[in-house]
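Below you'll find the structure, written out as structure tokens, and then a few comments.
Taken together, the values in this text are just the output of simple stated rules run on the coordinates, not laboratory data. All of these numbers come straight from a predicted model, not from anything done at the bench. In this analysis, Cβ positions are derived from the backbone assuming ideal geometry, glycine residues included, and neighbour counts consider all displayed protein chains.
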Amino acid sequence: MKIIKSNLENISEIPDIQDLVDTRSIPISRVGIHNVRFPISILDKNNSTQNTVANWTMTVSLPANKKGTHMSRFLVLLEKFKNRSMDLSIFSEMNKDMLCLLNSENGDISASFPFFLEKKAPVSNVASLMSYDAQVNIRTYNNKTEFEIVVIVPVTSLCPCSKAISEYGAHNQRSNITLSITSSKIMEIYIEDIISLVEKEASCELWSILKRPDEKYVTEYAYNNPKFVEDLVRDIAFRINNIFPNINKYRVEAENFESIHNHSAYAVIEKTFKN
């Protein structure tokens, strides 16, 4: 009887093409996996865990003399951390493991995911879940690591000009505020903090479920708190400058989906601090 050896027994005979030498002398800035859907558990501000699904991008730099990287090792790393409750310290640990596993000095990890908050309507107190798009990025280059949290917060904005020139009423619109905060240290900033900061500076925040008394409240609150797109980014930037002193940089972006125009109003403020 002919005995066939298992693949595992013959693994030492299988060539590792990725480890071959490349002769083109061109380094690759980033190589890895992109747009991989994989579960993630997020540790929130109350130390409870929120289970959601993330789109992952994980890359490392590749030196000029190396033909390829080991793509499967990125997935091995995701499997290793799939039962961990992720905060920035665990993301940092994951990033260090990736650089070690892929034998690289530089690398990026990015995870974007829906984040949910239970909110109570302002008058009826009816509870409902609101979803927000969040992203965590970690970058290590030249022995320096940066941590970035990005959150997109939908809000209501009401036009000050429309209110001022109209005998009654004013046009309003839904707006998306994108706030990015970056630091070279592990930040004690939670996604909930960013959401709260942005919503407080809008004409009014949003809820998933509103009863009629809530709708009346939202309409009147926004009318009494009109803001241009310029006001939105300036007010948020002002608060960041005063409550987040230890960050490296931030970017606040507002897009108002205009209700009386076929275009959006748009504004951005970017600031880098000298640390």
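Within the range 157-235, the chymotrypsin sites (Phe, Trp or Tyr not before Pro) that combine a DSSP coil assignment with at most 11 other C-beta atoms in a 10 angstrom radius are Y168. Label point of Y223 set 7 angstrom out along Cα-Cβ; within the range 169-189, amide nitrogens under 17 Å from it belong to 169-173. The alpha carbon centroids of the range 145-168 and the range 178-223 are separated by 10 Å.
Overall, the anisotropy analysis places the range 160-275 in the prolate class: the square-rooted eigenvalues a ≥ b ≥ c of its C-alpha gyration tensor yield a/c not less than 1.5, with a/b exceeding b/c. If R0 is 25 Å, the Cβ-Cβ spacing of E188 and T49 corresponds to a FRET efficiency of close to 0.85. Residues whose amide H comes within less than 5 Å of that of I40, counting only those at least five positions distant or on another chain, are T52, V53, A54 (H built at 1.01 Å from N in the peptide plane). In the chain, the calculated helix contribution to ellipticity at 222 nm averages -7500 deg cm²/dmol per residue, counting -39,500 (n - 2.57) for every DSSP H run with n ≥ 4. Using Cα centres only, tell me the gap between the range 31-77 and the range 254-275 in whole Å. Result: 30 Å between the Cα centres. Counting only lysines at least 8 places from K67 when in the same chain, those with an alpha carbon closer than 25 Å to its own are K96. Label separation (T272 vs I260): 4.0 nm, computed from points 7 Å beyond Cα along the C-beta direction. Inter-label distance, S29 to E118: 4.5 nm, where each label sits 7 Å from its Cα along the C-beta direction.
When Rg and Dmax of the Cα atoms in Å is calculated for this entry, the matching label among (i) 18.6, 53; (ii) 23.9, 97; (iii) 17.4, 56 is (ii). Placing unit charges on the Cβ atoms of the charged side chains and taking the dipole of the chain about its Cα centre, the candidate lying farthest along the positive direction among T23, I260, A127 is T23.
Starting from 0.36 nm per residue, how many nanometres of slack lie between R212 and N241 once their C-alpha separation is accounted for?
Length gained, R212 through N241: 6.7 nm.
Here the spin labels are modelled as points 7 Å beyond Cα on the Cα-Cβ line, and at N103 and S41 they lie 3.3 nm apart.
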